[in-house]
1. Per-residue counts of other Cβ atoms within 10 Å, averaged by peptide: what ranking do you get for 141-151, 161-171, highest first?
2. Have a look at Glu348, Glu228, Glu156 and tell me which one the Gaussian network model of the chain (Cα, springs below 10 Å) gives the largest fluctuation.
3. Using DSSP, restrict attention to beta bridges with both residues in region 9-255 and report what percent are antiparallel, rounded to the nearest 5.
4. Which far-off residues, 5 or more places away or on another chain, put their amide H under 5 Å from the one on Leu169, with H placed in the peptide plane?
5. Could you work out how far helix 11-47 tilts from the main Cα principal axis of the chain, as a 0 to 90 degree angle to the nearest 10?
6. Out of these labelled values of volume of the Cα convex hull per residue in Å³, [x] 134; [y] 204; [z] 150, which was calculated from the coordinates shown here?
7. I'd like to know how region 1-132 sits against the 2.2 N^0.38 Å rule of thumb: what's its Cα Rg over that expected value?
8. Which aspartates and glutamates does Lys213 reach when only Cα atoms under 18 Å apart count, and residues fewer than 8 places away in its own chain are ignored?
Amino acid sequence: MAGKLHTARSRNDQVATDFHLYLKHRLPLVIDAIKQLQTALVNQASQHIHTIMPGYTHLQHAQPISFGHYLTAYYAMLKRDIERFEFNQQHTDLSPLGAAALAGTTFPIDREETTQLLGFKQPYTNSLDAVSDRDFALEFLSNAAILMMHLSRFSEELISWCSYEFNYLEMADEYSTGSSIMPQKKNPDMAELTRGKTGRVYGHLMGLLATMKSLPLAYNKDMQEDKEGVFDTVKTIIPCLKVMTGMIETMHVNTAQMQQAVQNDFSNATELADYLAAKGIPFRQAHAIVGQLVYEGIQNHQNLQDLSLAQFKAIDARIDADVYHVLDPTVAVEQRTSLGGTGFDQVESQVKQAQQELQLP
């Protein structure tokens, strides 16, 4: 009887079925790990809605923002990652079993029944496609690469924020290491390792794309190279997500240093331009006026809020004493009330929406 087990089956459809089953049962684990990281981000964001930090473009101080707003930006990225992995599940939840080598079989099998018994949503509708398709694996690797890109960007910023020069954050000892020679060092090694693992996942995606790019239908032995990269990617991204979650849960936020950073810069320059525009001055003209004032401040080693009213009026007489209220970093953040903006009410709304999506108390 054992000899009959191969009836109506081929290595081609059996291996493809096993590969689908493997990934089908790993995708929920990946999605759950992402949600755990999202939860850590939202919990921190809820505590730092009113914490102000510099927002950056080109790694230069741009405008003051809420630290909670910064954290919910990564929540939003991870939400899209989840959506991609959920879509990936649709193409993973297909059964190749019964396609045999490539052409189906002459035996009276019931592919619908085996699909149901194995827990798949539906069978492949074309036997050639069933044994040659690795799109589901490529989708997974592509999604994983995008996920790791997000984690790498986040890691890069965490590493910077932990530096002596920024001093915005401090990682818990469990996620840091010392130096073998320099006693004072506290290195954010877990963030660095996560950043480093990104290239590994990119490599697996490029490897499988290169393997598949010129394969004729249907099965070819080259396709045995499809699994190692997927297995390693699963073993890479889940620990990275768990480590990142722990880092975010336990990090110390230096709120005073963040606040100080927006007091000694010109990140409120846009607020002054908006102030002038609200007086009816065309924005490009307002932009030029503020440029003159920033130059004045640089020349005299003063920030905008430190200029006297006389200095303001020497550049433009339409500036009044109420300008100092506008230049306050807290006011600058508070007034960014457009949908999705960094205004405190908007950030609170983003946090509440995220809590609802994650079903948090």
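1. Working: 141-151: 21.9, 161-171: 16.8.
So the peptides 141-151, 161-171, ranked by packing, come out 141-151, 161-171.
2. Residue with maximal mean-square fluctuation among Glu348, Glu228, Glu156: Glu228.
3. Expressed as a percentage, antiparallel bridges in region 9-255 total about 80.
4. Placed amide hydrogens put Cys162, Asn254 under 5 Å from Leu169.
5. It works out to around 20 degrees.
6. Among [x] 134; [y] 204; [z] 150, the one derived from this structure is [y].
7. Details: Rg = 23.4 Å, N = 132, 2.2 N^0.38 = 14.1 Å.
Normalised Rg, Cα atoms only: 1.66.
8. Asp129, Asp133, Asp135, Glu139, Asp222, Glu225, Asp226, Glu228
Laboratory data are not the source of any read-out in this text; all were calculated from the coordinates shown. As the structure is a prediction and not an experimental result, all values here were calculated from the model. We place every Cβ from the backbone using ideal geometry, glycine too, and count neighbours over all the protein chains shown.
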